[in-house]
1. Take the conditions within 22 Å of residue 205 (Cα to Cα), modelled with pLDDT under 95 and out of contact with any helix residue (DSSP H, G or I) (no Cβ under 8 Å at 6 or more places or on another chain) and apply them to residue 32. Does it pass?
2. When you look at residue 209, is it within 16 Å of residue 49 (Cα to Cα) and assigned to a loop (DSSP other than H, G, I, E, B), yes or no?
3. Would you be able to say whether some residue in the stretch 106-126 is closer than 29 Å to residue 208 by Cα and either in contact with a strand residue (DSSP E or B) (Cβ under 6 Å, 6 or more places away or on another chain) or not in a helix (DSSP H, G or I) (or both)?
4. Just checking, does the stretch 3-13 include any residue being assigned to a strand (DSSP E or B), surrounded by fewer than 14 Cβ atoms within 10 Å (Cβ to Cβ) and touching a strand residue (DSSP E or B) at 6+ places or on another chain (Cβ under 8 Å)?
5. So, residue 169, is that one at pLDDT below 95, in a loop (DSSP other than H, G, I, E, B), surrounded by 18 or more Cβ atoms within 10 Å (Cβ to Cβ) and in contact with a helix residue (DSSP H, G or I) (Cβ under 7 Å, 6 or more places away or on another chain) or not?
6. Enumerate the pairs (first residue in the stretch 41-57 and assigned to a helix (DSSP H, G or I); second residue anywhere and surrounded by 20 or more Cβ atoms within 10 Å (Cβ to Cβ) and modelled with pLDDT under 90) with beta-carbon separation below 8 Å, excluding pairs fewer than 6 apart on the same chain, so at least 6 apart or on different chains.
7. Restricting the search to the stretch 128-159, which residues are without any contact (Cβ under 8 Å) to a residue 60 or more places away in the chain, farther than 17 Å from residue 95 by Cα and surrounded by 12 or more Cβ atoms within 10 Å (Cβ to Cβ)?
8. I'm trying to understand the selection: among the residues of the stretch 172-187, which are in contact with a strand residue (DSSP E or B) (Cβ under 7 Å, 6 or more places away or on another chain) and surrounded by fewer than 21 Cβ atoms within 10 Å (Cβ to Cβ)?
């Protein structure tokens, strides 16, 4: 595998409960990349994410994630792999019976952190990074949806993962809050983690460009050009409007 390559899938076939979900999947993720997965509900986006963190088996093809061969990975190696991945779920999955600090502390302890002072310091760092400084004492139900999603992202970056998988992270949020969440993910990407994000909000693709894969008819296809072209056309038409209105003002 190429040095920079974090994920490399070649001719991968995935099925779930005897149904062929995806075939001929070719996908590569390199350090620092931001990748969008788009397509209808049921087109296999979440299934693909599940193969990356070892929740769903790969039937055939070549698949490597962070140096692990996902076609024949041993069960005992999956926890090691998952420590190097951050996962952001649409429905938050925070533990509702404990504070935000306790939620984050639980994850660190489960992944081998022992020193109380170091745990406290790391929790403060990630809360600061996601714009939630000083909110560690709150319970999840005291936070808005956007704030809860920020905590979920904080949880995902606790162990400084190589890759973050975000499954519809803006799905339950209003559009302005959703944009702020993508801005946050973009800033995390810029500081070193590669990101794969599934979304139905195609407006985000033009506003926050990345590599785009479309899921359709059990296959995936890179369609980044379609979205950068759409953005270019939009820019050109805006420029034309500006030129026209300037010309009109001059004439007046």
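1. On the way: within 22 Å of residue 205 (Cα to Cα): yes; modelled with pLDDT under 95: yes; out of contact with any helix residue (DSSP H, G or I) (no Cβ under 8 Å at 6 or more places or on another chain): no.
The answer is no for residue 32.
2. no
3. No, the conditions are met nowhere in the stretch 106-126.
4. To start, the set of residues in the stretch 3-13 that are assigned to a strand (DSSP E or B) comprises 5-13.
Then drop every residue that is not surrounded by fewer than 14 Cβ atoms within 10 Å (Cβ to Cβ), which leaves 10-11.
Those still in the list that are touching a strand residue (DSSP E or B) at 6+ places or on another chain (Cβ under 8 Å) too: 10-11.
Looking through the stretch 3-13, at least one residue is assigned to a strand (DSSP E or B), surrounded by fewer than 14 Cβ atoms within 10 Å (Cβ to Cβ) and touching a strand residue (DSSP E or B) at 6+ places or on another chain (Cβ under 8 Å).
5. Numbers: at pLDDT below 95: yes; in a loop (DSSP other than H, G, I, E, B): yes; surrounded by 18 or more Cβ atoms within 10 Å (Cβ to Cβ): yes; in contact with a helix residue (DSSP H, G or I) (Cβ under 7 Å, 6 or more places away or on another chain): yes.
Considered against the rule, which asks whether it is at pLDDT below 95, in a loop (DSSP other than H, G, I, E, B), surrounded by 18 or more Cβ atoms within 10 Å (Cβ to Cβ) and in contact with a helix residue (DSSP H, G or I) (Cβ under 7 Å, 6 or more places away or on another chain), residue 169 comes out as yes.
6. Once the first residue is assigned to a helix (DSSP H, G or I) and sits in the stretch 41-57, its partners that are surrounded by 20 or more Cβ atoms within 10 Å (Cβ to Cβ) and modelled with pLDDT under 90 give 47/21.
7. Result: 128, 129, 130, 131, 132.
8. Of the residues in the stretch 172-187, the ones in contact with a strand residue (DSSP E or B) (Cβ under 7 Å, 6 or more places away or on another chain) are 185-186.
The one that is in contact with a strand residue (DSSP E or B) (Cβ under 7 Å, 6 or more places away or on another chain) and surrounded by fewer than 21 Cβ atoms within 10 Å (Cβ to Cβ): 186.
The values are calculated or read from the model by the stated rules, or taken from the named source; none is laboratory data. Source: prediction; values computed, not measured. Every residue, glycine among them, receives a Cβ derived from its backbone with ideal geometry; neighbour counts consider all protein chains shown.
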